[in-house]
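Encoded as structure tokens, the structure appears first; notes follow it.
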Amino acid sequence: MSDLRVRFAPSPTGFLHIGGARTALFNYLLAKKEQGTFVLRIEDTDVERSTQESVDAILQAMDWLGLSYDEGPFYQSERYDLYKSKVSDLLNKGLAYRCYCSADKLNAKREAAMKAGGKPRYDGTCRERTDQPESPFVIRFKTPLDGNTAFVDRIKGTISVENDELDDLIIQRTDGNPTYNFVVVIDDAEMGINLVIRGDDHVNNTVRQIPMYKALGYEVPEFAHVPMILGSDKKRLSKRHGATSVMAYREMGFLPEAMVNYLVRLGWSCGDEEIFSMDDLIEKFSLESVGRSAGVFNPDKLLWLNEHYIKTGDPQRLAGLVAELLEGQGVDIENGPDMAAVVKTLQERAKTLVEMAEGARFYFEAPETYDEAAAAKFLNEEKRAVLELLIKHLGALMNFTLEDVESAFKSLMEESGLKLGKIGPTVRVALTGGTVSPSIYEVVSVLGQDVVLARLKKALASLG
Ligand code: GLU
């Protein structure tokens, strides 16, 4: 065990998207590599936008990706007493104050400041106020007025801002609820987080949070801000670029290992290597190899990785996944061939599990009709003799292994003088209904003798 403590802190206001999943993955990998601790914290202080459905969706997606956490999930909504006590601490120390400025007043000030060419910042009206009228108020943090706030980001290097650039942040709203920038500081500190890895859209928050760590007497953690993910047009990744929900890719038939492999490369690299198992990543991942420029989302590459993992996947495991899909489509798989055998015939041909399930269907459902053009060409009167020969040779087999099937076809070809090119398409249409399928010997062998003979006879009958 090392002392490293990292966390993933999603707001449950929607599904887990690609960017969030990558942040979670980077945290997970570093924790595993350094044998540290990975904490999951659900940031659900935004009562209106947070939902249990989103929490469930996020947990499910992490589970699917294999990102297990060591502590949590902790819910901010259960920690309000702690936050309240910290607000009191700051008020007592004179490091926070009640602000009675109304929204209208603040807007007017903001506009005036912008007109005068200044920053739209709070002007500190209530900072030194000592009375406590009976009207609604927020609580603001007293950001230091002089000096600067700087930190060395593990990815971006030194980042520094003058404190007079920073606003007096609201830490508690009129309704008494604490705000994100405040509670995140308390939680990261109280949970002992010593390295915060998150998206670089939070850099502006970090410089606001650091003075609060100091005011609250906490040690400031290290930070690593990961560059954004962009679409192919170099704009921030959004729905326009395709699905952004991790689980949408599961629906589309992607394997979690393809997703993990893809996500990690959005910002991290290791020479020219492209294929990484989770174990490889745990060994090789480091923040030093995370680039400073934005990652560009490339669905083709994700598909390429998925194809790779389907080709090289364990047939037994893929069989379980394909079975689930087919059952979901109402296909009766109980009375069909062994699913792992089916999968083996399709691993070289399918790019996604959805494609694989599509390609596997005919093994479990006899074709009800034949593709019209294919039948006209390959299931016509001229093919009667071929079908009869097939029934004879395949029907005579005692075993139905790939080798047995192959030798039956060989003797059929010798007896008839026909080439495989003259027989194959007919068999294919008779067995699958169309002209596309895995290798014909494999299909015949996996379907099994009874089914093959039944389908060939049905095709023969269809000749009229
Ligand atoms: N809850 C924040 C979000 O989902 C993340 C906060 C953080 O990582 O500090 O954007």
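Computed from the coordinates by the stated procedures, all read-outs in this text should not be read as laboratory data. If you're wondering where the values come from, they're calculated on a predicted model, not measured in any experiment. Using ideal geometry, Cβ is built from the backbone for each residue, glycine included, and neighbour counts are taken over all protein chains shown.
Here is how the numbers come out for the structure above:
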quantity	calculated
Expected-Rg normalisation [2.2 N^0.38 Å, Cα atoms] applied to region 136-202	1.29
Pairs of alpha carbons in the chain whose separation is greater than 35 Å (percent)	50 percent
Largest to smallest principal axis extent of the C-alpha atoms in region 74-232, angstrom	46, 41, 34
Whole-Hz ³J(HN,Hα) from phi, Karplus 6.51 cos²θ - 1.76 cosθ + 1.60, for region 427-436, glycine and proline x	4, 4, 5, 5, 8, 10, x, x, 10, 10
Long-range HN-HN contacts of F74 with modeled amide H, under 5 Å	L40, R41, I42
Per-pair calculated FRET efficiency, R0 = 25 Å: D164 and D131 via Cβ, rounded to 0.05	0.40
Cα pair distances of region 40-101 binned at 5 Å [whole percent]	4, 14, 18, 17, 15, 11, 9, 7, 5, 1
Cys residues of the chain counted as unpaired, since no other Cys beta-carbon is under 4.7 Å	C101, C270
Computed over region 1-139, the ratio Rg/Rh where both radii use C-alpha atoms and Rh is Kirkwood	1.11
Formal net charge of residues neighbouring L463 (Cβ-Cβ distance under 9 Å; K, R +1; D, E -1)	+1
Relative contact order %, region 302-414, counting alpha carbon pairs below 8 Å whose residues are six or more apart	23 percent
Estimated FRET transfer efficiency when R0 is 60 angstrom, pair K392-D70 (beta carbons, to 0.05)	0.40
Cubic angstrom per residue, convex hull over Cα atoms of region 155-312	169 Å³
For E222, residues with placed amide H under 5 Å, excluding near neighbours	L195, V196
Percentage relative contact order, region 215-333, counting C-alpha pairs under 8 Å, at least six apart	31 percent
Fraction of antiparallel bridges per DSSP, region 23-160 only, in percent to nearest 5	75 percent
Kirkwood hydrodynamic radius over Cα pairs of region 187-239, then Stokes diffusion coefficient at 25 °C and 0.890 mPa s, in µm²/s	195 µm²/s
Residue-wise HN-Hα coupling along region 411-417, computed from phi with Karplus coefficients 6.51, -1.76, 1.60 (Hz; x: Gly, Pro)	5, 4, 5, 5, 5, 9, x
Within-13-Å neighbourhood charge of G36 [Cβ basis; K, R +1; D, E -1]	-1
Computed Rg/Rh of region 259-417, alpha carbon atoms with Kirkwood Rh	1.14
Cβ-Cβ FRET estimate between A103 and E334, R0 fixed at 45 Å, reported to 0.05	0.10
Cross-link table K377/K419; K84/K214; K156/K239; K156/K284; K115/K234, entries beyond 26 Å C-alpha to C-alpha	K156/K239; K115/K234
Mean Cα-pair separation over length for the chain, i.e. relative contact order, pairs under 8 Å, 6 or more apart, %	12 percent
Spacing of the two label points (7 Å from each Cα toward its C-beta) at E274 and T174, in nm	5.6 nm
